[in-house]
1. Look through Val110, Val122, Val86, Val81 and report the one residue that is over 25 Å from Phe157 (Cα atoms) and either open to solvent by 60 Å² or more (accessible area, probe 1.4 Å) or in contact with a strand residue (DSSP E or B) (Cβ under 9 Å, 6 or more places away or on another chain) (or both).
2. I'd like to verify a number: residues in the stretch 28-62 that are surrounded by 13 or more Cβ atoms within 10 Å (Cβ to Cβ) and either over 14 Å from Glu90 (Cα atoms) or at pLDDT below 90 (or both), how many?
3. Just to be sure I understand, how many residues within the stretch 89-113 are part of a strand (DSSP E or B) and among the polar types (S, T, N, Q)?
4. Determine whether the stretch 168-190 contains at least one residue that is of a type outside the set (Phe, Trp, Tyr), modelled with pLDDT of 95 or more and closer than 22 Å to Ile59 by Cβ.
5. Would you mind finding the one in Phe157, Phe197, Phe150 that is over 18 Å from Ser106 (Cα atoms) and at pLDDT 95 or above?
6. Could you figure out which of (1) modelled with pLDDT of 95 or more; (2) open to solvent by less than 40 Å² (accessible area, probe 1.4 Å) isn't true of Ala134?
7. Answer yes or no: is there a residue in the stretch 158-175 that is in contact with a Gly (Cβ under 9 Å, 6 or more places away or on another chain) and open to solvent by 80 Å² or more (accessible area, probe 1.4 Å).
8. Taking the stretch 159-181 on its own, how many of its residues are closer than 12 Å to Val198 by Cβ and under 29 Å from the mean Cα position of the chain (by Cα)?
Amino acid sequence: MHLKIKIILLAFLFSTNALYAQTPNHIDDELPPISYIYKPGKIITIKDTIPCFILDRDIDYYNKGYIKYKLSPEASKALKVKSKDVMHLELDGCPPLDRFPYGTSSYLMVRLIDGEVKIYKVQIESMDYTTATAYNGMPIYTKDKSYKRFLVRGNMFYEIDRINKYQAKRIFFDNVELNNEIENLTDQQILQNIELFVQRYNSSVKPSTNESKQ
C-alpha cells in the first residue's frame, strides 16, 4: 500500500514539474539578466545626438571598448558606438556622464552634484607593480583601480583629493562668505567639507544664472 502511494506521489510531482517548466509565461523566461537590460537614454558624440536605449552596465564599462544601444526597445539587433567617441551619456535613473581629459587620456565621468559648481567621479585604472618579482627577476605588474573625484567650474578642473586653499578660493571666487571661511581652514579641512561648500554655493546662485551656464 505504501509503495503504491509513493509511486502516485512521484508521478504527480513529475507531471507538475513538467507543466511548470513548459509554462510560456514563467517569470524566469520573461525577465532577462540584469546585464542585458536596455534603458532609455541619450548618447552625444562629436557628430551626433542619439536618443536610444542603452545597455545598462557598471559605470566603468562606459569607458571601455564599445557602448551598446538600440534605437527602439523592440529592435532585435544592438548597435555599437566607440566609447572614446562619446562626449556625453544619459541613462534613465542614473546620473549623467560627461567626458573630461585626465592625464594622458580622457574619461566619461559621473556627475554626482550638478549646478554652477559640479562634482564628478570616475574609476581610473592604472598599472602598478608589487615589490615581489617574478622568477625571471622582472617586477610583477598589477592593475590598480581607484575612484577619483573632481571639482569642476567652467574651465577649472581640480582633483578633490589634492584640493588646496588657492584652488578652492578660485572655484568660489564670487562668494565672499565662503572665501572668508575657507581662508581660515587647512587644506584637509577644506577637503572634508568640499561637498557642503559646493551645495552651499550652488544654492546661493540664482536659478536663472545657474541654468544659463549649463
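1. Val81
2. Going through the stretch 28-62 one residue at a time, the tally reaches 5.
3. Residues that pass the stated criteria total 2.
4. no
5. Phe197
6. Only one criterion in (1) modelled with pLDDT of 95 or more; (2) open to solvent by less than 40 Å² (accessible area, probe 1.4 Å) is unmet by Ala134, namely (1).
7. No, every residue in the stretch 158-175 fails to be in contact with a Gly (Cβ under 9 Å, 6 or more places away or on another chain) and open to solvent by 80 Å² or more (accessible area, probe 1.4 Å).
8. Number of matching residues: 5.
The values are calculated or read from the model by the stated rules, or taken from the named source; none is laboratory data. Quick caveat: nothing in here was measured; it's all calculated off a predicted structure. With ideal geometry, Cβ positions are generated from the backbone for all residues, glycine too; neighbour counts draw on all protein chains shown. SASA here: full protein model, heavy atoms, side chains in, ligands and nucleic acids out. Shrake-Rupley method; radii C 1.70, N 1.55, O 1.52, S 1.80 Å.
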